[in-house]
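Below: the structure, in structure tokens.
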Amino acid sequence: METVVGKTKLCLIQGDITLQDTEAIVNAANTRLLGGGGVDGAIHRAGGPKVLEECKKIRAKQDGCPTGEAVITTGGNLKARYVIHTVGPVWTGGNKGEDSLLRNAYYNSLKIARESGITSLAFPSISTGVYGFPIDRAAAIAISTVKQFIQGHHFKEVRFVLFSPEDLKVYEEALTQS
């Protein structure tokens, strides 16, 4: 599914984020920035030791990445030149600011992309795996945050890369309703 918001192409696809040919991909990282499971582990494995090496330098300087914030590293062995690592919230029922923290994760990823001169990037569905954020709620937050940001800031393309057909369908519904 594809639409245009402002001057930016907004795409929803099913696939593997590590194979995306965009300038940057966004990693659903943990606060330690040392890799892990799911998207984070896949990006670290595909990106190779250079990504981990740069994450360790960031850790040494600022002790990781707080929830809702974002940092940038090289893409290492990935097609993407950069990886923007952002930490989404762990779902604990919705009463501890999870929506706002998820919004910040998307916003800060876009902000760092813009500041770095990146014009195309791909997002996974942040926090909806092991962090347990309800995907329908997360998709609505992701789509609205990205649409609002790109109305004021031009990118060539912002892409959501969803792992399963079911996840893609949820994001398509969120885009249709936004």
Value of relative contact order over region 1-152, rounded to a whole percent, pairs C-alpha under 8 Å and six or more apart
27
Defining a contact as two alpha carbons under 8 Å apart and six or more residues distant in sequence, what relative contact order in percent does region 102-178 show?
41
The long-range amide H neighbours of LEU162, using H built 1.01 Å from N in the peptide plane and a cut-off of under 5 Å, are ILE13, GLN14, GLY15
Charges at C-beta only: +1 for Lys and Arg, -1 for Asp and Glu. How large is the resulting dipole of region 2-177 about its Cα centre, in Debye rounded to 20?
540
Using only the Cα atoms of the chain, what do you get for the radius of gyration and for Dmax, in Å?
14.7, 43
Can you give me the distance in nm between label points at ASP16 and GLN148, each placed 7 Å from the Cα along the Cα-to-Cβ direction?
3.5
Apply the membrane-span-like helix rule to the chain: whole DSSP H runs, Cα extent along the own long axis of at least 15 Å, mean Kyte-Doolittle hydropathy at least -0.5. List the helices found.
135-152
Region 101-178 and region 8-47: distance between their alpha carbon centers, rounded to Å:
12
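Between LYS111 and THR31, what length comes free when the chain is fully extended (0.36 nm per residue of separation minus the Cα-Cα distance, one decimal in nm)?
26.9 nm
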With a 30 Å threshold on alpha-carbon distance, the violating pairs from LYS7/LYS79; LYS79/LYS111; LYS7/LYS50; LYS7/LYS61 are LYS7/LYS50; LYS7/LYS61
Which of GLY117, GLY35, GLY47 moves most in a GNM of the chain, Cα contacts under 10 Å?
GLY117
Looking at the chain as a GNM with Cα springs under 10 Å, which of VAL130, VAL158, VAL51 has the largest mean-square fluctuation?
VAL130
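Where a number appears in this text, it was derived from the coordinates with a stated rule and is not lab data. Fair warning: this is a prediction, and the values are worked out from it, not measured in the lab. Quick reminder, even Gly has a Cβ in these numbers, built from the backbone with ideal geometry, and neighbours come from all protein chains shown.
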